[in-house]
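Colleague: Submitted below is the structure of interest, expressed as structure tokens.
Just so it is clear, none of the values below were taken in a lab; they were calculated from the coordinates. What you see is a predicted model; the values in this text were computed from it and never measured. Here the Cβ positions follow ideal geometry from the backbone for every residue, glycine too, while neighbour counts run over all protein chains shown.
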Amino acid sequence: MIESITEVLVRIDYLFLLATALRASTPIVFAALGGIFSERSGVINIALEGMMLTSAYVCYKAAVIFNSPWLGLATGVLSAMVLALLHGVISIRYRTNQVVSGTVLNIFAAGITGFLFRVLGAQESAPYLPNMNMPLVRDLPLLGNQPLLTWVMLLMIALTTFVLFRTRWGLRTRAVGELPRAADTAGVAVNRVRYVNVMIGGMMAGLGGAFFTLHTVSSFTPLMTSGQGFIGLAAMIFGNWTPLPALLAAMLFTVPQALAGQFQMFGVPLPYQLISTLPYVLTIITLAGVVRRSTPPAALGVPYVK
Amino acid sequence: MSARRLFWFGSAAPAIASVLLALLLAGLVMVITGSDPIAAYSALVQGAFLRPGTATRPTAFFETLVSATPYLILALGISLGFAAGLFNIGAEGQLYMGALASVSVGFLVKGLPWFIHLPLALAAGVVAGMLWASIAGWLKATREAPEVVTTIMLNYIAYAVVNYMVNGPLRHTGTAPRTPDIEPSAVLPTLLPPPERLHWGLFLAIAAAVGYYFLMNRSTLGLRIRLVGENRHAARYAGINVNQTYLITMALSGALCGLAGAVEVLALYRYLPTEFTVGYGFDSIAVALLGQGNPVGIALAALLFGAMANGAGYMQFSAGVSNYIIAVVQAFIIVFVAAPGIARDLLVSWWARWLPRRAKEGEA
């Protein structure tokens, strides 16, 4: 057994492994970025899962109807943003517990996508978004021939970092999430900033959802996001609500999975079910503050009343 | 306002209105997508309450009670958390761990008489659920880790552990990945001869509801839990150990969820499959919200959700409406219960549009 494990470790193509993990990280990171925008402004968002699922379905259906993956993508992202707006209305305007609102939206998304999928039927497969396989780009290590959305994900990490920490909007977002009373006194429209950030979060989740139907497989199955939104939440927490560390966290979750896949391929099965618990175990350890203190936004989950 | 009026106008009437409004909106979804909501709902009622049993098919109403049983136990557990201001989203995971422990005791321990083996198997489930929830409770109490996130994470770990055990160490020798059957001495018996499946778990659930009532309304611990839930700072001033209360509440909440898992596998499956009752733990959050902390309300909400879960199959079969619509109804119910403002604003805008027109029609 030991010999075979070392043998496999020698024979693994590590670059391929990392590329696989990066691809698998795409929806997780999108969900994490969505969570970062929403939670940095003070709104807990456990509905990312539901937003991804909704987007996955709508992307698929719209891409089939318009026969264009691009219009599918646009419609799907829009649908996730509508769901995010609902989350905003329920939790900001009506000041409902944000966890309840998120739970509602997750149940709603699971129900409505499953229902529409059954009612409207779906045999056709949707057109794919392209992979980055142009000449020159194709041969890049790690990034060559990756799905378009993986590139978009990397771009969004850079963009999110810039917006959050280098722009006025980012400062306002963080202020609203840390000390809304002070932000309000300084003239920031607290709830408006929150609405917009929750919807940007919805957009991110929407992009993540698109990955499932426009890249991975070209069809939809009910509940196909299977908890990736929650892993995104885990990556966000493990990355301490910052974009680049969230990607590293996601990789920390996906590399062992990819490794388990490789071992499987070489005929050395690892208990993949237990490896799949890694994100959750690490998140709990992070929240327990064993490694370092996790610092969520101070006003997270507290509705703002003027 | 008298207590009775407060009950009606404070909780019961809004809850009933929320259910009706949710059914109405889900009906609208059906109309838009070209299904017949009246056919669907009448099939739902048929399938949930009215269809008589046959030699091979159990009576519809008894099956509704079978479905309502885990909802009731789980929702009591979740409500207990709510009372202390804790959000136990981990009911699902605690249910899985409870089921795993019960089945393990059920088939690994042999040669005991039923009056020892059955209580032992049930207790194993209760303890497993309690310990699983206590991880989140302990982290909340000692490290201020938000229980919402830790319980979500613990759900996924529980799924994986069950999946691993059923595919690995506890797998039986047959083809399907599942555990061996439990010993007959660990089976929670049915109340009626087959094909009926109505079982003693119903009485355990009712006993749990009665216990919940006495705990919350007639005990010091219940008072402590409610005080912490109302205002933990005030509770701390009053000399209550808030963190200890969190830990105890989470443990009790998990104990009930573990009991639900134990009952499901000891009465219905009698072995542990890889996946069972996926989503019961989440639906029960809705049941708890609808029940609003009142054991009678929770029981009625559990009955409603049991009816929907049970009737959905017949609705899909006879009216051709996908059972996924039930989740849409449930989502609408929670949103109206949790955010009464939305229901009120919706209704007021409808009234505002309808009333003047109806008044005019009356004059003409």
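Colleague: Need the C-alpha centroid separation for segment B:208-225 versus segment A:97-163, integer Å.
Modeller: What the calculation gives is 47 Å, centre to centre.
Colleague: Once you average over the residues of B:82-89, how many Cβ atoms of partner chains fall within 10 Å of each Cβ?
Modeller: Working: counts 1, 0, 0, 0, 0, 5, 0, 4.
Per-residue shielding by partner chains comes out at 1.
Colleague: Separation of segment B:278-327 and segment B:67-115 by C-alpha centroid, Å?
Modeller: That distance is 18 Å.
Colleague: How high is the FRET efficiency between A:Asn145 and A:Val268 when r is their beta carbon distance and R₀ equals 41 Å, given to the nearest 0.05?
Modeller: Working: r = 27 Å, r/R0 = 0.67.
Here the calculated transfer efficiency is 0.90.
Colleague: Obtain the nm distance between the two label points defined at B:Glu230 and A:Phe16 by a simple spin-label model: each point lies 7 Å from its Cα along the Cα-to-C-beta direction.
Modeller: Between B:Glu230 and A:Phe16, the label points sit 6.6 nm apart.
Colleague: Is any residue of segment B:311-336 close enough, with backbone N under 15 Å, to a label point placed 7 angstrom from the Cα of B:Gln46 along the Cα-Cβ axis, and if so, which?
Modeller: Within reach of a label on B:Gln46: B:311-322.
Colleague: Looking at the square roots a ≥ b ≥ c of the eigenvalues of the Cα gyration tensor of the protein assembly as shown, which shape do they give, rounded for a/c under 1.5, prolate if a/b is larger than b/c, or oblate? If you can, show how the numbers build up before the last one.
Modeller: Values: a/c = 1.33, a/b = 1.12, b/c = 1.18.
Note, shape of the protein assembly as shown comes out rounded.
Colleague: Counting only residues 5 or more places away or on other chains, whose amide H sits under 5 Å from the amide H of B:His199 once H atoms are built in the peptide plane?
Modeller: B:Leu191
Colleague: Which order do the peptides B:116-129, B:157-170, B:218-231, A:222-235 take when ranked by the mean count of other beta-carbon atoms within 10 Å per residue, highest first?
Modeller: Numbers: B:116-129: 22.7, B:157-170: 19.4, B:218-231: 16.1, A:222-235: 24.6.
Peptide ranking by packing, descending: A:222-235, B:116-129, B:157-170, B:218-231.
Colleague: Name the residue from B:Ala235, B:Val335, B:Leu256 whose Cα lies farthest towards the positive end of the charge dipole of the protein assembly as shown, charges +1 on Cβ of Lys and Arg and -1 on Cβ of Asp and Glu.
Modeller: It is B:Ala235.
Colleague: Treating cross-link reach as a plain straight distance, find the aspartates and glutamates whose alpha-carbon is under 18 Å from the alpha-carbon of B:Lys110, omitting any fewer than eight places away in the same chain.
Modeller: B:Asp181, B:Glu183
Colleague: Would you grab the residues whose amide H sits under 5 Å from the one on A:Leu270? Only those 5+ places off in sequence or on another chain, please, with H modelled 1.01 Å from N.
Modeller: Sorted by chain and number, the residues that satisfy this are A:Gln264.
Colleague: A follow-up question, please. Which order do the peptides B:144-153, A:73-82, A:135-144 take when ranked by the mean count of other beta-carbon atoms within 10 Å per residue, highest first? All intermediate terms of the calculation are to be shown ahead of the outcome.
Modeller: On the way: B:144-153: 25.0, A:73-82: 22.3, A:135-144: 11.2.
Ranked from most to least packed, the peptides come out as B:144-153, A:73-82, A:135-144.
Colleague: To continue, here is another question. Report, by chain and number, residues whose modeled amide H sits under 5 Å from the one on B:Arg178, excluding near sequence neighbours (fewer than 5 apart, same chain).
Modeller: Under 5 Å from the amide H of B:Arg178: B:His172.
Colleague: What ranking, highest mean first, results for peptides A:198-210, A:25-37 when packing means the other Cβ atoms within 10 Å averaged over each residue? Mind dumping the intermediate values first?
Modeller: Numbers: A:198-210: 29.5, A:25-37: 31.0.
The most tightly packed comes first, giving A:25-37, A:198-210.
Colleague: Here's something else I'd like to know. For segment A:21-75 and segment B:229-260, what is the centre-to-centre distance using only Cα atoms, to the nearest Å?
Modeller: Taking the Cα centre of segment B:229-260 as reference, the centre of segment A:21-75 is 37 Å away.
Colleague: Ok, one more. Rank B:Phe282, A:Leu129, B:Leu188 by how far each Cα sits towards the positive end of the charge dipole of the protein assembly as shown (+1 on Lys, Arg Cβ; -1 on Asp, Glu Cβ) and give me just the farthest.
Modeller: B:Phe282
Colleague: Give the residue from A:Leu17, A:Ser91, A:Ala56 lying farthest towards the positive end of the charge dipole for segment A:1-127; charges sit on Cβ (+1 for Lys and Arg, -1 for Asp and Glu) and the dipole is referred to the Cα centre.
Modeller: A:Ser91
Colleague: Only residues of segment A:81-106 count here: report those whose backbone N is under 14 Å from the spot 7 Å along Cα→Cβ of A:Phe66, or say none.
Modeller: Counting backbone N atoms under 14 Å from the label point, the list is empty.
Colleague: Show me the helices of chain A, taken as full DSSP H stretches, that run 30 Å or more along their long axis by Cα and average -0.5 or above in Kyte-Doolittle hydropathy. Before the final figure, lay out the partial values.
Modeller: Numbers: long enough: A:14-40 (35 Å, 1.13); A:98-120 (32 Å, 1.49); A:190-211 (32 Å, 0.81); A:243-265 (33 Å, 1.10).
Once both thresholds are applied, what remains is A:14-40, A:98-120, A:190-211, A:243-265.
Colleague: Roughly how crowded by other chains is peptide B:332-344, in terms of the mean Cβ count from those chains within 10 Å of each of its Cβ atoms? Please list the in-between numbers first.
Modeller: Working: counts 4, 2, 8, 11, 1, 3, 10, 11, 2, 5, 5, 0, 1.
Partner-chain Cβ atoms within 10 Å, mean over residues of B:332-344: 5.
Colleague: Continuing with the same structure: Within 10 Å of each Cβ in B:161-169, how many Cβ atoms from other chains are there, averaged over the peptide? Spell out each step's value before the answer.
Modeller: Values: counts 3, 1, 6, 7, 1, 1, 3, 3, 0.
Across B:161-169, the average partner-chain Cβ count within 10 Å equals 3.
Colleague: If you don't mind, another one. Treating the beta-carbon of each Lys and Arg as +1 and of each Asp and Glu as -1, no other charges, what is the dipole magnitude of segment B:65-306 about its Cα centre, to the nearest 20 debye?
Modeller: 440 debye
Colleague: Now, a different point. Which value, in debye to the nearest 20, describes the size of the charge dipole of the protein assembly as shown about its Cα centre when Lys and Arg Cβ atoms bear +1, Asp and Glu Cβ atoms bear -1, and nothing else is charged? All intermediate terms of the calculation are to be shown ahead of the outcome.
Modeller: Working: 39 positive and 24 negative charges, 364 e Å.
Taking the Cα centre of the protein assembly as shown as origin, the dipole is about 1740 debye.
Colleague: Right, something else. Which shape class, rounded, prolate or oblate, goes with chain B when its Cα gyration tensor gives a ≥ b ≥ c as root eigenvalues, a/c under 1.5 marks rounded, and past that a/b bigger than b/c marks prolate?
Modeller: Working: a/c = 2.01, a/b = 1.23, b/c = 1.63.
It is oblate, given that a/c is not under 1.5 and a/b is not larger than b/c.
Colleague: Residue by residue through segment A:134-145, what is 3J(HN,Hα) from phi via Karplus (6.51 cos²θ - 1.76 cosθ + 1.60, θ = phi - 60°)? Round to whole Hz and write x for glycine and proline.
Modeller: Result, ordered by residue: 5, x, 6, 4, 4, 8, 4, x, 6, 8, x, 6 Hz.
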